[in-house]
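Colleague: Sharing a structure with you now.
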């Protein structure tokens, strides 16, 4: 088992990690917008 | 509950138990029993991680939390994706390279046996108490709802879990969790849809969202920095990252989930799966609570949601007071209902001034309702001394039993049982693995056949399950007990995380320095607990910071030991 295995879809693990952090950012923005729009 | 509900409930639970036993029969080696033969694909790992974390309390309490406090609890999970990335980058490759069965084995490779044993024992104390609560909380609620003695629901859930966890080990836990999570999420979403369809016809989905927002339930994100505020974006991102790093990176009940992967890539993808889906999942559960809140704007909610306890109180001398409060509550609801209708009209005409005025009006009625509810709680406490009057955990289940059709009621009860079983299974499996690998195999019997260790692991599973059942059955002071276990968790988690952070990131610190640092840090935390009024959540940070700083100081004065450092 190698820890340098290439990930599926993306060419590096860094891209997967950025996806996770990007998704977090998008969700925070979306939830903030919901809070501002309806509160 | 009619025969249809019982059929759905019993059928679902039996399917899970029989499937778990049948699919994992013949697990004989430690690899297969404790790591599932490293056969888990990324999606199974992700599902297993989510199912282990989400106990029955999550599904009983979270909708009630949204009804009472809005959706701001969601921010608690904002640190989770960050923790998933850190664990994928640092911890997963090391655990795989060393082919460990438990996270604590790594500590012996990195430090020494005494540090490994210390961390393993701290984990066993923590998780052993927690397994009791994982079992106790749903047992209490289900016993109240079903009218059964708590000892029956406790033993029933415990025995069901024992059957398939002893039979199939880690693989049985993961295989059953995918069905359990499907049942849980399917049942919860169905309940949310039904809550919406039971609203008056003129109320659209947009109206529901706007009503919830106007009445303060869509308070999803707050950027205000306030140390006394439990849920805001800063506490979620900073304290949440620490907490989830500790839970997913060093707690064997989670580490075991991703150590069962076929490769580092599958484990990383499983963690990424959790990092991407956990917050949306919590959003859905909280939003279901919001829909139930909107439902109760158009339908009168009970003044006290633990109906069984209230009925008992009605048999006492406090009955007249409770009847009086009931009448006041009924009268108040009629007035609130009129105010809600006016608010809906204002929303339909998009009259901003009227919307603000009518929302304030409804909010003032809600405040009066809360005051009556508080009076009911204190009256019940007077009527039945020592009774648990916190009824938040009963709100959602009470809604299910009162308003949902037969069949769905059985499904939703199956959801609660499934959630209790899935998290309990993960915990028992981790407790047995750690006892077998880190204590029994390391300190008691170092050489034996794989079959012997599998048998020992099964025995430890049964022992831990029995302890959890005894703990849950004897526990009759729920509110204090849950707080007690949270305090115990905070007393030890900081020290464990500190040991692992030193192991991963401060290569020059060696075993003896970190071991004594951990002992002193633990003593410091216990001193803070005994002699100061510091909030117990801060013990996590105090313990962690103390291990890191004291070990660095000790290492400066200690001779360097020659040891291969694992990087």
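Colleague: Rounded if a/c is under 1.5, else prolate if a/b is larger than b/c, else oblate: which is the range B:275-364, with a ≥ b ≥ c the root eigenvalues of its Cα gyration tensor? Write down the numbers at each step before the final one.
Modeller: Values: a/c = 3.75, a/b = 1.27, b/c = 2.95.
Because a/c hits 1.5 or more and a/b fails to exceed b/c, the range B:275-364 counts as oblate.
Colleague: Right, something else. I'd like the orientation of helix B:113-146 relative to chain B: the angle between its Cα long axis and the longest Cα principal axis, in ° from 0 to 90, rounded to 10.
Modeller: The angle comes out at about 20 degrees.
Colleague: Between the range B:316-343 and the range B:1-26, what is the separation of their alpha carbon centroids in Å?
Modeller: Comparing the Cα centres of the range B:316-343 and the range B:1-26, I get a distance of 42 Å.
Colleague: Could you tell me which of rounded, prolate or oblate describes the range B:66-137, using a ≥ b ≥ c as the square roots of the eigenvalues of the alpha-carbon gyration tensor, with rounded for a/c under 1.5 and, failing that, prolate when a/b is larger than b/c and oblate otherwise? Before the final figure, lay out the partial values.
Modeller: Numbers: a/c = 3.42, a/b = 1.52, b/c = 2.25.
Oblate, since a/c reaches 1.5 and b/c is not below a/b.
Colleague: Follow-up. Using a Förster distance of 22 Å, how high is the FRET efficiency between residue B:363 and residue B:335, based on the Cβ-Cβ distance and rounded to 0.05? Spell out each step's value before the answer.
Modeller: Working: r = 13 Å, r/R0 = 0.60.
With R0 = 22 Å, the Cβ-Cβ based efficiency is 0.95.
Colleague: How far apart, in nm, are two points set 7 Å out from the Cα along the Cα-to-Cβ line at residue B:529 and at residue B:320?
Modeller: Here the answer is 4.8 nm between the modelled labels.
Colleague: Ranked by Cβ crowding within 10 angstrom, fewest neighbours first, how are B:558, B:424 ordered? Spell out each step's value before the answer.
Modeller: Working: B:558 15, B:424 28.
Ordered from fewest to most neighbouring Cβ atoms within 10 Å, B:558, B:424 come out as B:558, B:424.
Colleague: Given a Förster distance of 22 angstrom, what is the FRET efficiency for residue A:10 paired with residue B:97, based on the Cβ-Cβ distance and rounded to 0.05?
Modeller: Details: r = 23 Å, r/R0 = 1.03.
Between residue A:10 and residue B:97 the formula returns 0.45.
Colleague: Moving to a separate point now. Between residue B:446 and residue B:487, what is the label-point separation in nm under the 7 Å Cα-to-beta-carbon projection?
Modeller: Label at residue B:487, label at residue B:446, 4.1 nm between them.
Colleague: Something else now. If r is the Cβ-Cβ distance from residue B:349 to residue A:36 and R0 is 25 Å, what FRET efficiency results, to the nearest 0.05?
Modeller: With a Förster radius of 25 Å, E is 0.65.
Colleague: Here's something else I'd like to know. How many angstrom lie between the Cα centre of the range B:380-407 and the Cα centre of the range B:44-91?
Modeller: Cα centroid of the range B:380-407 versus Cα centroid of the range B:44-91: 24 Å apart.
Colleague: Now, a different point. If we sort B:325-332, B:58-65, B:151-158 on the protection proxy, mean other Cβ atoms within 10 Å, highest first, what's the order?
Modeller: In decreasing order of mean packing, B:325-332, B:58-65, B:151-158 become B:58-65, B:151-158, B:325-332.
Colleague: Could you grab the relative contact order for chain B? Cα pairs under 8 Å, six or more apart, rounded to a whole percent.
Modeller: On the way: 858 pairs, mean separation 172.6, N = 567.
Computed value for chain B: 30 percent relative contact order.
Colleague: Would you please classify the overall shape of the range B:398-547 from the alpha carbon gyration tensor, given that a ≥ b ≥ c denote the square roots of the eigenvalues, rounded means a/c under 1.5, and beyond that prolate means a/b larger than b/c while oblate covers the rest?
Modeller: oblate
Colleague: From a point 7 Å beyond the Cα of residue B:148 in the direction of its Cβ, which residues of the range B:395-422 have a backbone N at a distance under 19 Å?
Modeller: Counting backbone N atoms under 19 Å from the label point, the list is B:397-398, B:400-402, B:407-422.
Colleague: So what is the relative contact order of the range B:160-260, in percent, for Cα pairs below 8 Å that sit 6 or more residues apart?
Modeller: It comes to 20 percent, rounded to a whole number.
Colleague: Among B:499, B:67, B:166, rank each residue by its count of other Cβ atoms within 10 Å, from fewest to most, as a rough exposure measure.
Modeller: B:166, B:67, B:499
Colleague: If you average the C-alpha positions of the range B:192-262 and of the range B:286-306 separately, how far apart do those two centres end up, in angstrom?
Modeller: Cα centroid to Cα centroid, the span is 18 Å.
Colleague: Rank the residues B:534, B:548 as a footprinting-exposure proxy: fewest other Cβ atoms within 10 Å of their Cβ go first.
Modeller: Exposure proxy ranking, most exposed first: B:534, B:548.
Colleague: Determine the gain in length on full extension of the stretch residue B:37-residue B:284; use 0.36 nm per residue of separation and subtract their C-alpha separation, reporting nm with one decimal.
Modeller: On the way: separation 247, 0.36 × 247 = 88.92 nm, distance 3.39 nm.
Result for the pair: 85.5 nm of gain on full extension.
Colleague: If I fit a long axis through the Cα atoms of helix B:319-349 and take the longest principal axis of the Cα atoms of chain B, what angle between them do I get, 0 to 90°, rounded to 10?
Modeller: Approximately 80 degrees, to the nearest 10.
Colleague: Related question: What do you get for the angle between helix B:538-557 and the principal long axis of chain B? Use alpha-carbon atoms, 0 to 90 degrees, nearest ten.
Modeller: The answer is roughly 20 degrees.
Every number in this text was worked out from the coordinates using simple rules, so none of it is lab data. Note that this is a predicted model, so its numbers are computed, not measured. Please note: Cβ atoms are built from the backbone with ideal geometry, for glycine as well, and neighbour counts cover all protein chains shown.
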